[in-house]
Structures are given as structure tokens and as C-alpha cells.
Amino acid sequence: MRAEPIEPTVDIAVFARAPTPGQAKTRLIPRLGPLAAARLQQQLTERALARARAVPGARVTLWTTAPADDAIARVTADTVGATVRAQCGDDLGARMAHAFANTLDGRRPMLLIGTDCPAQTVDDLRAALMALRDADAVVQPAEDGGYVLIGMKAPWPVLFSAIAWGSDQVLAATRARAGAHGVRLAELPPSWDLDRSEDLDRALALGLVELAPSP
């Protein structure tokens, strides 16, 4: 007897930069070199996808800066049964808004995570889903003033406009936008991004990433 397909209970979008040497983890290139930095980006993407897949009932999509038919993106996504879509928009806010608008259909919530937070856990994702039972949106703050997760039950494009992306005011501006537009915003305990050399040292000390030996 053929089993009926299980209806997913949450959509999880993983936003990832393509692991292109010279264009990925650029702040770490002076330390690692372009090839090793790109390999680190690929490793972080694989770990973020695995984290998303570990959430029960998750339907996972890899949103990449590469074309949707990129071979590396497709092979990476296939390892966890994820689909691939290309990011679309002029800035990060527009790309995230597009992902929510083209995923949410009123049947299940959606979480969006990046790849730069190796300290994020499956329990963080589960906590975000729990928070969405009472809130309109949820974020997991980052120590640098941004956030490493955002989730919603319905699209709120106002949370992605008039934000200085890449600055230390992203979270503060998001809170202000939510308050001004009546969006009930929940927050998880903060985490941290792997962007700088000291972040890499922190991740290595905690065993969150590995560096391949130089050839």
C-alpha cells in the first residue's frame, strides 16, 4: 500500500550566498584565501540546511544568489531533500520580502535563516515556531545589531523597507517598523554571526566549523 505524502507544517528558507571564490566570506579572505573562504561558505550552507531539515515537518528551500539551476546549489539542496530558488530583489530586504510573499499561503508559518550563524540550533527554530503561535513575527537577534532568523505567519513587507541593511541598526529599525505598524514581534535569545576573523576563532573553539587543511 502506498503511503500518503505528509503535509509539511512549516516552510524554512535558507538564504545563502553562492560559494564563489573571491565573492564568498570576503572579510575572511585575507586570513583564509578566496578558495578556503568559499569552502567555508559551502560548509555553513550545508549545516544550515541540515539544521532546517531536522525540524519535524519542515519543507526546506535553499534561496541562493546563484541561478536556480546552478549545479552546486542543486547538489547541495538534494542532500537534504530541499528545493532551490534564486533570490530576487535589489537589496536584502527586497529579497527576503520576495521569499515570504512567494512562499506563505496561509496554511503554514515560514522561517527564514541565513548561513552565517553556526551557533544556531534546531531548538532555536522550534522556539521560533512556538513564538509564532501568539506573535505575528519572530526574530532571533544577532550580537552585531542584526538578526539571524525571522519568521512570519503572513507577509509583513513593512518589516523589510526603510532598513539600513548591513548596519548595526537593523534590529532596532525592525522593532520600530513593527511597533509603528501594529506587528506583534517576538524575540528569541540572541546569537552571533560568523563574519570576522575573531568570529571564526570562536566557531573553531566551539567545534561549530572545520577548516580543511591547506593543499
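The values are calculated or read from the model by the stated rules, or taken from the named source; none is laboratory data. It should be emphasised that the depicted structure is a prediction, and the values quoted were computed from it without experimental measurement. Here the Cβ positions follow ideal geometry from the backbone for every residue, glycine too, while neighbour counts run over all protein chains shown.
Go through the residues of the range 181-193 one by one and say whether even a single one is without any contact (Cβ under 8 Å) to a residue 24 or more places away in the chain and either assigned to a helix (DSSP H, G or I) or surrounded by 14 or more Cβ atoms within 10 Å (Cβ to Cβ) (or both). No, the range 181-193 contains no residue that is without any contact (Cβ under 8 Å) to a residue 24 or more places away in the chain and either assigned to a helix (DSSP H, G or I) or surrounded by 14 or more Cβ atoms within 10 Å (Cβ to Cβ) (or both). Checked against (1) without any contact (Cβ under 8 Å) to a residue 60 or more places away in the chain; (2) surrounded by 20 or more Cβ atoms within 10 Å (Cβ to Cβ); (3) part of a helix (DSSP H, G or I), L149 passes all but a single condition, namely (3).
For the range 116-141, which positions are in a loop (DSSP other than H, G, I, E, B), touching a strand residue (DSSP E or B) at 6+ places or on another chain (Cβ under 6 Å) and surrounded by 19 or more Cβ atoms within 10 Å (Cβ to Cβ)?
Scanning the range 116-141 gives C117, Q120, L132, A135.
Residues that are modelled with pLDDT of 95 or more and in contact with a helix residue (DSSP H, G or I) (Cβ under 6 Å, 6 or more places away or on another chain) within the range 59-70 comprise V60, L62, W63, T64, listed in sequence order. Number of residues in the range 4-46 that are of a type outside the set (V, I, T), under 14 Å from the mean Cα position of the chain (by Cα) and over 17 Å from E210 (Cβ atoms): the value is 6.
Taken over the range 70-91, residues that are of a type in the set (D, E, K, R) and either touching a Gly at 6+ places or on another chain (Cβ under 6 Å) or free of Cβ contacts under 8 Å to residues at least 12 places away in the same chain (or both) amount to 3.
Do we find a residue being over 17 Å from the mean Cα position of the chain (by Cα) and crowded, with 18+ Cβ neighbours inside 10 Å anywhere in the range 158-171? Yes, because at least one residue in the range 158-171 is over 17 Å from the mean Cα position of the chain (by Cα) and crowded, with 18+ Cβ neighbours inside 10 Å.
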